[in-house]
1. All but one of (1) at positive phi; (2) free of Cβ contacts under 8 Å to residues at least 12 places away in the same chain hold for A:Asp69; which doesn't?
2. Kindly list the number of the only condition in (1) modelled with pLDDT of 95 or more; (2) more than 20 Å from A:Gln3 (Cα to Cα); (3) in contact with a strand residue (DSSP E or B) (Cβ under 8 Å, 6 or more places away or on another chain) that fails for B:Leu69.
3. Take the residues in segment A:4-26 that are among the polar types (S, T, N, Q) and within 22 Å of A:Ala79 (Cα to Cα); name whichever of them is farthest from the other protein chains (Cβ to nearest Cβ).
4. Using beta carbons and a limit of 8 Å, which pairs, at least six apart or on different chains, have the first residue in segment B:79-90 and closer than 23 Å to A:Thr40 by Cα and of a type in the set (Gly, Ala, Ser) and the second one open to solvent by 10 Å² or more (accessible area, probe 1.4 Å) and assigned to a loop (DSSP other than H, G, I, E, B)?
5. Which of the residues that make up segment B:21-36 are surrounded by fewer than 20 Cβ atoms within 10 Å (Cβ to Cβ) and either at pLDDT below 95 or outside any loop (DSSP other than H, G, I, E, B) (or both)?
6. Conditions: (1) open to solvent by 50 Å² or more (accessible area, probe 1.4 Å); (2) modelled with pLDDT of 95 or more; (3) of a type outside the set (Asp, Glu). B:Gln6 meets all but one. Number of the miss?
7. So which strands (runs of 3 or more DSSP E) are wholly in segment A:27-109 and hold at least 1 residues that are more than 10 Å from chain B (Cβ to nearest Cβ), crowded, with 19+ Cβ neighbours inside 10 Å and under 10 Å from the mean Cα position of the chain (by Cα)?
Amino acid sequence: KNQVEQSPQSLIILEGKNCTLQCNYTVSPFSNLRWYKQDTGRGPVSLTIMTFSENTKSNGRYTATLDADTKQSSLHITASQLSDSASYICVVASGGSYIPTFGRGTSLIVHP
Amino acid sequence: NAGVTQTPKFQVLKTGQSMTLQCAQDMNHNSMYWYRQDPGMGLRLIYYSASEGTTDKGEVPNGYNVSRLNKREFSLRLESAAPSQTSVYFCASSEGAGNTIYFGEGSWLTVV
């Protein structure tokens, strides 16, 4: 069964600090991995997409990494801002499937 | 572009009542989805429509029915609402398998 596990479940940091969120997956065959950001009371929005051949991809202060050998991904947030407070969801697509596998998300709270 | 639009935003139902959640997308996407999100459970797929004219069960289909009215619209119906169906419902769409999924803003449903 395809699974996506995220850690930590929740995280509290001070504004301006960096943090890293983890995603481990057992999805086969692997197609791509996306990180979504979900603000409170809103729908998730895609931040980055990683394919098998990509190791690192940045989107502003967000940097995603992918290790396809160990089936791990991370999302690093640099110089956090209050607006980064949200849930971050790791989503892995399997080749040819219409149904990606969702992690349960990491809830990030950035305090001033 | 409005993206994915779902209505209503909020609804309170009595046990046993029926209702339909409406969803429309203006991105000419082939695939559409209905998810529910509960605390600690993440997003769970109820039904999806890979393309116009097809619908398939997801992870938690019991108690729900769907209709892909046309390429733009995908509705979710609760025939006899139960308290266990209290949740936040998200409609979503994508171009197809493995592509970015775009979410609506959510519908908050309470069954009393």
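1. So A:Asp69 meets the others, but not (1).
2. (1)
3. If we filter segment A:4-26 for residues that are among the polar types (S, T, N, Q), which is where we start, we get A:6-7, A:9-10, A:18, A:20, A:22, A:24, A:26.
In the following step, the residues that additionally are within 22 Å of A:Ala79 (Cα to Cα) were identified as A:6-7, A:9-10, A:18, A:20, A:22.
On the way: A:Gln6: 9, A:Ser7: 14, A:Gln9: 9, A:Ser10: 11, A:Asn18: 25, A:Thr20: 20, A:Gln22: 15 Å.
In this case the residue turns out to be A:Asn18.
4. Qualifying pairs under 8 Å: B:Ser84/B:Gly63.
5. B:Gln22
6. With respect to (1) open to solvent by 50 Å² or more (accessible area, probe 1.4 Å); (2) modelled with pLDDT of 95 or more; (3) of a type outside the set (Asp, Glu), B:Gln6 is out only on (1).
7. On the way: elements: A:30-38, A:45-51, A:56-59, A:62-67, A:72-77, A:86-94.
In segment A:27-109, A:30-38, A:45-51, A:62-67, A:72-77, A:86-94 are the strands (runs of 3 or more DSSP E) which contain 1 or more residues that are more than 10 Å from chain B (Cβ to nearest Cβ), crowded, with 19+ Cβ neighbours inside 10 Å and under 10 Å from the mean Cα position of the chain (by Cα).
The values are calculated or read from the model by the stated rules, or taken from the named source; none is laboratory data. Everything numeric here is computed off the predicted structure, so don't read it as measured data. Don't worry about glycine lacking a Cβ; one is built from the backbone with ideal geometry, like all the others, and counts go over all protein chains shown. Ligands, DNA and RNA are excluded from the accessible area calculation, which covers all protein heavy atoms including side chains. Shrake-Rupley method; radii C 1.70, N 1.55, O 1.52, S 1.80 Å.
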